[in-house]
Amino acid sequence: MKNKRTMKLLVIVLILMMLLSGCSTNALMDYNNAVQKTENITRGKMSLSIKVDNSFNTVGLTEEAINNLKNFEKIEMSLLSRFDNNQAKSINDVYLNLTGMGIDSMIYSMEDYAYIKIPMVNEYIEIDLNDLEMAPAIDTTGTESLVRRVIKEWTELLETENVVKGEKSIMTTEDGEVKVTRFTVKPTEDQLRLFIKKIIAIARSEKDALEKFIQFANTDGGLDFDALVDVVEQDIEEMEKITFNSIAFIDIDGYIVNESIEIHFENYDSKPGQVNKRTVVISQENWDNEMEQNIAIPDFAPEDLIDMNEAEGLFNDFR
């Protein structure tokens, strides 16, 4: 009888070991499926928040230099969106806080047009989306290889043992408690640094493709690709501590309903003017997924609309 109990116990333990050994792979597969399904949502509501907190070494700096750094202590962006791709409609509430100045705006899109509210005046920039498609664009022929290589490295990192974990959980919402699967992505610092080094190496090897983006974004030619990559690499190397942690909650329908990413950088021996600590927090919520949306686009009077050329002149007046 004792031997039978022992054998039964061993069988149970072996079954549990086999189940647990498959958890990492299954967790990654479930997580990737949820990411894909969430990206393909055609209608619903979404909120996105990005916050960057910087702490600087101000020892020995002038008051003017310190005040300048204070403008970059907090950088914040948030978006609240209601959309229906089937109707080609969306309403977006956008908030941006840079250099200590907050800007709140609304962006309405309907079929071939988008309307951006100018915060300073009660006017809207009217944009013909077809004109944007016909406008001269950057050559992206060399970027496919870059994107594939970056995705490959990130996938390999996720496939590493214990990087992705999934567990059943309960999440509290406005409608009460709901059952979810809680996924965490938490690579070790060594894994993270190796991944960053690989991405920097990929960036250098794909210089021709990336330079086109830099030239497109920086028309005055003041940015040098090699110098930019060197600065990024040096900044990363000087950070003595780097952590990455992502938590995603997936509902019973397979959608990511809540996701947060936290990245922390710390430099214990920073020079005056350099960052002591940097925290990046990205949060996103998705709800009313694939549910009918009531999107009412306001009627814009012709006198309240301006084109891009008029908008540029208006912005120059405020500088």
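See the values below:
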item	result
Which numbered condition SER24 misses (of (1) surrounded by 10 or more Cβ atoms within 10 Å (Cβ to Cβ); (2) modelled with pLDDT under 90; (3) more than 27 Å from the chain's Cα centre (by Cα))	(3)
Selection within region 217-230 - surrounded by 10 or more Cβ atoms within 10 Å (Cβ to Cβ) and at pLDDT 65 or above	LEU223, ASP224, PHE225, ASP226, LEU228, VAL229, ASP230
Number of the exception - GLU233 against (1) surrounded by 16 or more Cβ atoms within 10 Å (Cβ to Cβ); (2) assigned to a strand (DSSP E or B)	(2)
Selection count where residues are modelled with pLDDT of 90 or more and surrounded by fewer than 11 Cβ atoms within 10 Å (Cβ to Cβ), scope region 97-138	0
Criterion violated by ASP299 - all others in (1) touching a residue at least 12 places away in the same chain (Cβ under 8 Å); (2) over 22 Å from ASN33 (Cβ atoms); (3) part of a loop (DSSP other than H, G, I, E, B) satisfied	(1)
Meets criteria (in contact with a Gly (Cβ under 6 Å, 6 or more places away or on another chain), modelled with pLDDT under 85, under 25 Å from GLU290 (Cα atoms) and not in a strand (DSSP E or B)) for ALA34	no
Residue tally, condition more than 30 Å from ASN286 (Cβ to Cβ) and touching a strand residue (DSSP E or B) at 6+ places or on another chain (Cβ under 9 Å), over region 36-72	8
Members of region 59-108 that are in a loop (DSSP other than H, G, I, E, B), of a type in the set (Val, Ile, Thr) and under 29 Å from VAL121 (Cβ atoms)	THR99
Any pair with Cβ under 9 angstrom, 6 or more apart, that starts in region 42-53 at a residue that is under 17 Å from PHE72 (Cα atoms) and ends at one that is at pLDDT below 95 and not in a strand (DSSP E or B)	VAL52/PHE72; ASP53/GLU73
Qualifying residue in region 44-55 (condition: at pLDDT 95 or above, closer than 19 Å to ILE250 by Cβ and among the charged types (D, E, K, R))	yes
Residue satisfying condition, being in contact with a strand residue (DSSP E or B) (Cβ under 7 Å, 6 or more places away or on another chain), buried (at least 16 other Cβ atoms within 10 Å of the Cβ) and within 25 Å of VAL163 (Cβ to Cβ), within set SER270, SER246	SER246
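The values are calculated or read from the model by the stated rules, or taken from the named source; none is laboratory data. Because the structure is a prediction, the values reported are computed rather than measured. As a convention, Cβ positions derive from the backbone with ideal geometry for all residues, glycine included, and neighbour counts pool all protein chains shown.
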